[in-house]
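S.K.: The structure's right below; bear with me while I get my questions together.
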Amino acid sequence: MKCRMTGWVFAAACWIGTPLLAQQESVRPGINDSFRDPDPQKFAARFEVESREVFAKRVEIVAELGLKPGMVIADVGAGTGLFTREFAAKLGRDGRVLAVDISKNFLEHIRRTTREKGLLNVETVLCSDDSTKLPQDSVDAVFICDTYHHFEYPAKTMTSVRKALKPGGKVYVIDFHRIEGKSSEWTMNHVRAGQEVFEAEILEAGFRRVRQVEGVLSDNYMLVFEVAVKDQQR
């Protein structure tokens, strides 16, 4: 099938293969190797420091989600549980946080640290390379922070996100700006594509963009999506 789309916005579909939803191969093999058997303490020392923008801005980020008591939110790519703990404290005992990760070590770390803090509204979900493993219509919101670029099968993973959302649910995506000549060498080498490509992939998976959060982040961008109208009556 000849790809006639032009522009960086649709580069993902041309690069991975059209249509994206037919994707069968990993878009970035090996990207998650370091998370197969991680040391959570070492990663916490890297992730939970003021020099990391999303940690320094965690209060402002959580505020943008508008969480309310009784809501259920999935923290996809929960890692060491930075935002899982923030969400759990915000939602209280009437709400619930599903910490989703590919690493059993991270999930055990989250179970332990949340219990130590008396946060009993957290459950852990071991996901796979191509699915969040969240039940259908189970969550009010999905949070994906500095994790989308780790999705080896973004179309399949985002389809599982779409199915997991309750009607009216939102998806919050934070990832790194990747701009030639501006972004760091680490970002250019580690993050496979920029905002336009990731956004195009998410739209193709059945979402529509609601807004972009401005004035909170500089190294990262924050986007809000919801299920496209045509897919809400499934």
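S.K.: So, in the range 107-155, of the ones that are of a type in the set (Ser, Thr, Tyr) and part of a loop (DSSP other than H, G, I, E, B), which residue ends up surrounded by the most Cβ atoms within 10 Å (Cβ to Cβ)?
M.R.: 132
S.K.: Quick check: anything in the range 71-88 more than 14 Å from the chain's Cα centre (by Cα), of a type in the set (A, V, I, L, M) and part of a loop (DSSP other than H, G, I, E, B)?
M.R.: The answer is yes; a qualifying residue exists.
S.K.: Given the conditions (1) surrounded by 23 or more Cβ atoms within 10 Å (Cβ to Cβ); (2) assigned to a loop (DSSP other than H, G, I, E, B), report the number of the one that residue 158 does not fulfil.
M.R.: (2)
S.K.: Still on this structure: Which of (1) part of a loop (DSSP other than H, G, I, E, B); (2) touching an Asp or Glu at 6+ places or on another chain (Cβ under 9 Å); (3) surrounded by fewer than 23 Cβ atoms within 10 Å (Cβ to Cβ) does residue 50 not meet, given it meets every other one?
M.R.: Failed condition: (2).
S.K.: Identify all residues within the range 164-196 that are assigned to a helix (DSSP H, G or I), surrounded by fewer than 22 Cβ atoms within 10 Å (Cβ to Cβ) and within 15 Å of the chain's Cα centre (by Cα); write none if there are none.
M.R.: Listed by number, the list holds a single entry, 195.
S.K.: Moving on to the next point. Determine, yes or no, whether residue 141 is among the small types (Gly, Ala, Ser) and within 18 Å of residue 224 (Cβ to Cβ).
M.R.: yes
S.K.: Quick check: anything in the range 210-232 under 26 Å from residue 127 (Cα atoms) and assigned to a helix (DSSP H, G or I)?
M.R.: Looking through the range 210-232, at least one residue is under 26 Å from residue 127 (Cα atoms) and assigned to a helix (DSSP H, G or I).
S.K.: Please enumerate the residues belonging to the range 111-136 that are of a type in the set (A, V, I, L, M) and closer than 16 Å to residue 92 by Cβ. Reasoning before the result, please.
M.R.: Looking only at the range 111-136, we keep the residues that are of a type in the set (A, V, I, L, M), and these are 119-120, 122, 125-126, 134.
Answer for the range 111-136, where residues must be of a type in the set (A, V, I, L, M) and closer than 16 Å to residue 92 by Cβ: 119, 120, 122.
Throughout, read-outs are computed from the coordinates displayed, never taken from laboratory work. Keep in mind the model is a prediction, meaning the values are calculated, not measured. Methodologically, a virtual Cβ is constructed for each residue, glycine included, from the backbone with ideal geometry; neighbour enumeration extends over all protein chains shown.
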